[in-house]
């Protein structure tokens, strides 16, 4: 047995002995899928984990995702294999900045993208994902909405909903925000028949020229249901890698080598093994914060 297969077997043995599950976000190194119990978007992973009888959750993702898993499974132990796997967009807002933003618009509800910390969720009225943001905003009985922290997702929602004013906080995903219309044009010149599938965390002008705009899961479902054979994928490279693996009869063009999240790539199979073996690094969220942050998540789920 080679070294990688041996490591994978050790991880599987530890999972069994500790009644643990491994969650892997779609931006993770693709080899992690080999030991993952669930692979997908962040909220999906946390919700699926909450349904299990596992005692331990190893979250291969970034810090705010592991926090959400803890919020939805407070009785379980949650670990992140690399404690410095963070999110620059989530770090663009904190409680102080959110309170300042809210003070400028008294009594206006706050929609918080789930790609944010537990503390920011706790100060928000309702959460949303990139898949359900339109439904969440439409559900609010208000003609004005504050949207945090992703201005690009907020602008996408605003372009689809004409009867509400959406005031966006000035945050963004640095990886998606780097992608330009020119990046797409370069690939379209090479692959003129390819459809452009884009994540709504991208800039407004990029979204505007895309054939489909949707969440990571949405992009994957679109590919599955499409008869087309060529796609330009405008999101993080992990999605492209999984599409190439799962649909070998179709061609997937990564829009740009810029679309790589370094934080998401920090976790390796070795890190997962060490996290299981040594129970590092545990996510701690206070009971009060869990209660406050759970409220806007449950509101979202209820609609």
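The values are calculated or read from the model by the stated rules, or taken from the named source; none is laboratory data. None of these values were measured; they are calculated from a predicted model. Here Cβ is always computed from backbone atoms with ideal geometry, including for glycine, and neighbour counts include all displayed protein chains.
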message: From the list 69, 54, exactly one residue is outside the structural domain of residue 121 (by TED's automatic domain parsing), outside any strand (DSSP E or B) and either touching a residue at least 40 places away in the same chain (Cβ under 8 Å) or touching a helix residue (DSSP H, G or I) at 6+ places or on another chain (Cβ under 6 Å) (or both). Which is it?
response: 69
message: Among the listed residues 149, 174, identify the single one that is touching a residue at least 12 places away in the same chain (Cβ under 8 Å) and surrounded by 22 or more Cβ atoms within 10 Å (Cβ to Cβ).
response: 149
message: Going residue by residue through region 132-145, is there one that turns out to be over 23 Å from residue 213 (Cβ atoms) and either in contact with a helix residue (DSSP H, G or I) (Cβ under 7 Å, 6 or more places away or on another chain) or not assigned by TED's automatic domain parsing to the domain that holds residue 165 (or both)?
response: no
task: Tell me, yes or no, whether region 252-267 has at least one residue that is over 20 Å from the mean Cα position of the chain (by Cα) and over 26 Å from residue 118 (Cβ atoms).
output: yes
task: Would you mention how many residues in region 17-35 are under 19 Å from residue 270 (Cβ atoms) and surrounded by fewer than 20 Cβ atoms within 10 Å (Cβ to Cβ)?
output: 7
message: Can you pull out every residue in region 240-272 that is in a loop (DSSP other than H, G, I, E, B), in contact with a strand residue (DSSP E or B) (Cβ under 7 Å, 6 or more places away or on another chain) and more than 27 Å from residue 203 (Cα to Cα)?
response: 267
- prompt: Out of region 80-100, which residues are surrounded by 21 or more Cβ atoms within 10 Å (Cβ to Cβ) and part of a helix (DSSP H, G or I)?
  reply: 90, 98
statement: Scanning region 273-302 for residues that are farther than 25 Å from residue 84 by Cα and either assigned by TED's automatic domain parsing to the domain that holds residue 12 or touching a strand residue (DSSP E or B) at 6+ places or on another chain (Cβ under 8 Å) (or both) gives 296, 299, 300
message: Among (1) closer than 18 Å to residue 239 by Cα; (2) surrounded by 22 or more Cβ atoms within 10 Å (Cβ to Cβ); (3) over 20 Å from the mean Cα position of the chain (by Cα), there is one condition residue 194 misses while meeting the rest; what is its number?
response: (2)
task: Scan region 247-285 for residues that are within 25 Å of residue 183 (Cα to Cα) and free of Cβ contacts under 8 Å to residues at least 40 places away in the same chain and jot them down.
output: 247, 248, 249, 250, 252, 254, 257, 262
query: Among 210, 142, 226, 162, which is surrounded by fewer than 22 Cβ atoms within 10 Å (Cβ to Cβ) and free of Cβ contacts under 8 Å to residues at least 24 places away in the same chain?
result: 162
query: If a residue has to be within 16 Å of residue 109 (Cα to Cα) and either touching a helix residue (DSSP H, G or I) at 6+ places or on another chain (Cβ under 7 Å) or loosely packed, with under 14 Cβ neighbours inside 10 Å (or both) to count, how many in region 282-296 make the cut?
result: 3
